[in-house]
Every structure is written in C-alpha cells, then in structure tokens.
1. Determine the alpha carbon to alpha carbon distance for each of Lys76/Lys123; Lys90/Lys131; Lys38/Lys123 and list only those over 25 Å.
2. Let me know the whole percent of all Cα-Cα pairs from segment 33-86 that are separated by more than 19 Å.
3. Cut-off is 10 Å between beta-carbons; in what order do Ile92, Ile44 appear when sorted fewest neighbours first?
4. Would you mind ranking Asp150, Asp105 by Cβ crowding within 10 Å, fewest neighbours first?
5. Summing Lys, Arg as +1 and Asp, Glu as -1, what charge do residues with Cβ under 14 Å from the Cβ of Thr73 carry, Thr73 excluded?
6. Please give me the summed charge of the neighbours of Leu112: other residues whose Cβ is under 9 Å from its Cβ, Lys and Arg +1, Asp and Glu -1.
7. For segment 95-152, state which trypsin sites (Lys or Arg not before Pro) are in a DSSP loop and have at most 14 other beta carbons lying within 10 Å of their beta carbon.
8. Using the Cα gyration tensor of segment 71-142, with a ≥ b ≥ c the square roots of its eigenvalues, what is the shape: rounded (a/c below 1.5), prolate (a/b larger than b/c) or oblate (neither)?
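Quick note: the coordinates plus some simple rules give every number you see, no bench work behind them. Everything quoted here is computed from the prediction, not taken from an experiment. Here the Cβ is made from the backbone with ideal geometry for all residues, glycine too, and neighbour counts use every protein chain on show.
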Amino acid sequence: MLRQSRFIDTLDREISAKEVERMIEPQRHGDTEKFLYKELTNQIIASAIEVHRYLGPGLLESAYEECLCHELTLNKISFQRQVELPVEYKGINLDCGYRIDLVVDTRVILELKCVEQVLPIHKAQLLTYMKLLKIRVGLLINFNVPVLKDGINRFIL
C-alpha cells in the first residue's frame, strides 16, 4: 500500500520516465528480469499517466486515444494510429476489420481500453496482434481506473 500512496502523491506534479520505472513493477521471467524496450515503454506509460491525470476516468476510449497521440507527439515519440491488420488465410491477406490502436516506434503495440474490468479476451486480443505483427512488446492500458498504474498490463512474447 505504501507504493500506491507514494504514487498518488506524485499525481500533483509531472512524472518522469524514471519515476514511472520505480512505480511499475517489472515483469519477471523465471528469476531473470525481462524488460524489452524499457525506456520506450516508460515514456509511453508516463504519457498515458499525464493524459489520465488531466482527464481522469470515465471518457470514451477515442478521447483517450486522441489525447495520448497528442502527448506522444509532444514528447517526439513516433507512432502509427489505427493500423490495419489483415488476416492471412491460405496465402491471401483478408481485411477482416482488425485495427490496432497504436504502434509506437514500430516496437510496442498499445491496446487502449476504457472498461470496468479488463477481461481475458482483451489480453488475448493484444497477444494476437503482437503475434500477427511479430512485435514482442505490448501494453494494454485501461483508462477507466482511479489510478492508471492499476490499469496497465505489459506483455512480452
């Protein structure tokens, strides 16, 4: 609980990527810490926290996406928005309507949500996108939480 209260105290000022690093527990794979693109994901998370701090929970996903794109632009982080993802079937690429919310710097997929609870299907959706695009790192960010730290899930393939 001490970590969370320290996190809430920081909401009144700007949060650096290093502070985000200290607040978000790294994923572990066995006994070794496995944290691909640590600096980039910390910058993305800091940008998302800034958006959430300003807007709070309760808006539509599209509003958070628009504001997060603006924040990434301000921080000079390259990204692609609403990336079409065709499904390859028997050697043919079919447009099945899949769209990835954001691909940041061609290295990290962001799937944004604004839901009461992240479900296993949301996690499966992100993992599928990561496999199809062969991108090893993904962030599932649910903006519909009081403290954004509780709405961030990081995945590595």
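1. Lys76/Lys123
2. Numbers: 508 of 1431 pairs.
Cα-Cα pairs in segment 33-86 separated by more than 19 Å: 35 percent.
3. Fewest-to-most ranking of Ile92, Ile44: Ile92, Ile44.
4. Values: Asp150 10, Asp105 14.
Result, fewest neighbours first: Asp150, Asp105.
5. -3
6. That works out to -3.
7. Details: sites: Arg99, Arg107, Lys113, Lys123, Lys131, Lys134, Arg136, Lys149; in loops: Arg107, Lys134, Arg136.
Filter output for segment 95-152: Arg107, Lys134.
8. oblate
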